[in-house]
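Structure, as structure tokens:
The values are calculated or read from the model by the stated rules, or taken from the named source; none is laboratory data. Every value quoted in this text rests on a predicted model; they were computed, and no experiment measured them. Neighbour counts are summed over all protein chains in view; Cβ atoms, including those assigned to glycine, are modelled from backbone coordinates with ideal geometry. For accessibility, only protein heavy atoms count, side chains too; no ligands or nucleic acids. Shrake-Rupley method; radii C 1.70, N 1.55, O 1.52, S 1.80 Å.
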Amino acid sequence: MSENTERKNPFFFPYETPHDVAPFDRIRLEDFEEAFMEGIRREDEQIEKLINDPRKPTFDNTIISIDDEKDGDGYYDLLSRVSSVFFNLLSAETNDEMDALAQKLSPILTKHANDIRLNERLFERIRRVHLHHRRLTVEEKMLLDKCYDGFVRSGALLDAAGKERLRQLTEEASMLGLQFSQNLLKENKAFILHITDEAQLDGLPDSAREAAALAAKERELDGWVFTLDFPSYSPFMTYSTQRELRRRMYMAKNTVCTHDNGENNLEICKRLINLRRELAQLLGHKSYADYVLKHRMAGNVRNVYKLLNDLIAAYKPTAQKEVAAIGRLARKLEGRDFKMEPWDFGFYSHKLQLEKYNLDAEMLRPYFELSRVIDGVFSLANRLYGITFRENSDIPVYHPDVKAYEVFDRDGSFLAVFYADFHPRKGKQGGAWMTEYQGQWIDRKGENVRPHVSVVMNLTKPTEEKPALLTLSEVETFLHEFGHSLHGMFANTRFESLSGTNVWWDFVELPSQFMENYAVEKDFLQTFAYHYQTGLLIPDELVDRIRKSRNYNVAYACMRQVSFGLLDMAYYTKTDPFDEDIIPFEKQAWAKAIIGEQLPDTCMTVQFSHIMAGGYAAGYYSYKWAEVLDADAFSVFQKNGIFDQPTAQRFRDCILSKGGTEKPMTLYKRFRGGEPTIDALLKRNGIKR
């Protein structure tokens, strides 16, 4: 008998792994499709059983049954189990075969989701419970409202023609979002800058040269290779004296998916914008933004624009001064007639930072060796919340780069599994994100099922000469994603669909951005920032320079984020069909937040995964919205002590453990004692004294 007929699909059986984690070492590509199809069949069977239940619909026999198919008798939610593994790997460790399978499965899965949401008999049971139910707890009421609203927002109240059109719209949007992501990954990974003349490395620090030499060796090339991955691209644009090569890198980065090839995303973006507009209008909303913002803290389009415009008024004058200062330095160094281009900004900005603060990223790298940063971040969590991390090599991982940890609470009880995936590679999307392989919930036997949380990043890799040495920006990225992971790990709710990061989008960034505050705190840095060669602690004087420079170009950075928010809103507040050319529309949409000249051929939209394929459509403003919250929240810690455990416990109890069980402002006010104001953010950024 062949090996294939003997082996069993691991998704169909108890995993028999530590904490029932996914058995990555046993899963093969061919297992996914079989498990997806069986998962769909099982879910259809459960829905059929539910709609034929002769009993009167109640919260317990209807809403809980829909939310929780894990019935405690081994009949786990197979579709959720296989989906979490497949789609997480599709972002973190994909290949051509997985991409092809995703394209095949996408319409099948979208049709299945529509079949459930548009099932009239199922919705009628939900509607009856929504109208007539027993006294519910706050969490139960939130689940009922979320379930009912979810069906309505998915078309349950449409007539037959409307439901058919909604199916068409969602299936096409699902396919196009997937295609967008696959195109972007291929385009980003296709470009390399291959250098064989060492003179062209002028200005680059040893860390960038060593990483480029390793990248060339991995491709069996001589010399040095630079890529569009952030740990390669950013140092090149900051330090390289070769202006023409900086131009090539910049143009490659900012024209991906605009070329005349199979990876062009221009028409895909236009179609996605129109599909979402039509879907929202089909469901009775003026625009897609109106549809989205109904379930956001911002509430409506007017409030989003108020935030963005308030930020422009507060920050743009300072941003213009920041850019002007960089331009003056560039002309001082290069001559009165020198015209600074976008590929020059990082280079001369770095020189001005050196001049003003005697500080740059390379000075700090030796103090941010990855293993020590990990220890520092884990120790911070221990100091705040009493939790501990223990690496467990018995937990299977999907790539050798990934580390797996068991997390234990203050009382020693098991809290979560935590995966950390640190470095860029061929099959991995750019950027950084937090995700879950299993959420938290309390099952019908009363057991608190703990989550399996993962953070995926693209941090500087180790080289043959040195360990992974991070920049301060990369430390902030780690803290950001770790903040998301704490939101997941501390989850303590009854229902999985309300646990962890299952909150409104403009609230979800609060825990992550809150953690970034620690990156410039001396008392935190001096717990782990030891020089990787000398073992000496980062000196007070260097930390003081970090703190003094923390607001360097902060207004420019704010305007950059605001420009992305304006672009997002410009697309998704459209009420008429979008038939304009993407590139000129983009230039106009964000113009009032742009400082300086725009190049005609560059385009952000075609690589703007957040708003095209990542769930942030009509929601990119969330980062700035949550920044107001995080600055306000951290001001409480600054008043009480940045490691104050009673304050941290209140933050955990009121926000981190509650998930989406109550409205975000209710949770925030319970922690803070009142609503947030923008004052703490303006003070932190030096805009307001």
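Check 557, 529 and return the single one that is within 23 Å of the chain's Cα centre (by Cα), within 18 Å of residue 476 (Cα to Cα), modelled with pLDDT of 95 or more and not β-branched (Val, Ile, Thr). Please lay out each step first, then the result.
Details: 529 fails: within 23 Å of the chain's Cα centre (by Cα).
Checking each option against the conditions leaves just 557.
On the given criteria, is residue 164 of a type outside the set (S, T, N, Q), open to solvent by 20 Å² or more (accessible area, probe 1.4 Å) and in contact with a Cys (Cβ under 7 Å, 6 or more places away or on another chain)? Judged against the criteria, residue 164 is not a match.
From the list 83, 65, 106, the lone residue that is under 19 Å from residue 438 (Cα atoms), at pLDDT 95 or above and among the small types (Gly, Ala, Ser) is 83. The residues on offer are 143, 184, 157, and the sole one that is buried (at least 17 other Cβ atoms within 10 Å of the Cβ), at pLDDT 95 or above and closer than 29 Å to residue 663 by Cβ is 143. The residue of the stretch 540-571 that is farthest from residue 276 (Cα to Cα), among those that are hydroxyl-bearing (Ser, Thr, Tyr) and crowded, with 21+ Cβ neighbours inside 10 Å, is 556.
Each row is one residue, and each column tells you yes or no for (1) within 21 Å of residue 462 (Cα to Cα); (2) part of a helix (DSSP H, G or I); (3) not small (Gly, Ala, Ser).
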site	(1), (2), (3)
194	yes, no, yes
203	yes, no, no
212	yes, yes, no
220	yes, no, yes
225	yes, no, yes
231	yes, yes, yes
245	no, yes, yes
253	no, yes, yes
256	no, no, yes
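Taking residues in the stretch 503-526 that are more than 17 Å from residue 378 (Cα to Cα), and partners anywhere that are open to solvent by less than 20 Å² (accessible area, probe 1.4 Å) and of a type in the set (Ser, Thr, Tyr), the pairs with Cβ atoms closer than 6 Å and at least 6 places apart or on different chains are 505/622; 506/622; 509/622.
In the stretch 323-341, the qualifying residues are those that are open to solvent by 30 Å² or more (accessible area, probe 1.4 Å) and in contact with a helix residue (DSSP H, G or I) (Cβ under 6 Å, 6 or more places away or on another chain), and the one that is nearest to residue 675 (Cα to Cα) is 340.
For the stretch 327-344, the candidate set comprises residues that are touching a residue at least 60 places away in the same chain (Cβ under 8 Å) and not in a loop (DSSP other than H, G, I, E, B); within that set, the residue that is farthest from residue 252 (Cα to Cα) is 344. You will find that of 662, 627, the residue that is within 15 Å of residue 505 (Cα to Cα) and crowded, with 22+ Cβ neighbours inside 10 Å is 627 and no other. The set of residues in the stretch 584-600 that are free of Cβ contacts under 8 Å to residues at least 40 places away in the same chain and small (Gly, Ala, Ser) comprises 589, 591.
Any chance the stretch 396-406 includes a residue that's assigned to a helix (DSSP H, G or I), among the β-branched types (Val, Ile, Thr) and open to solvent by less than 20 Å² (accessible area, probe 1.4 Å)?
No, that holds for no residue.
If you check residue 587 against the conditions, is it basic (Lys, Arg), touching a Lys or Arg at 6+ places or on another chain (Cβ under 9 Å) and within 17 Å of residue 270 (Cβ to Cβ)? In short, no.
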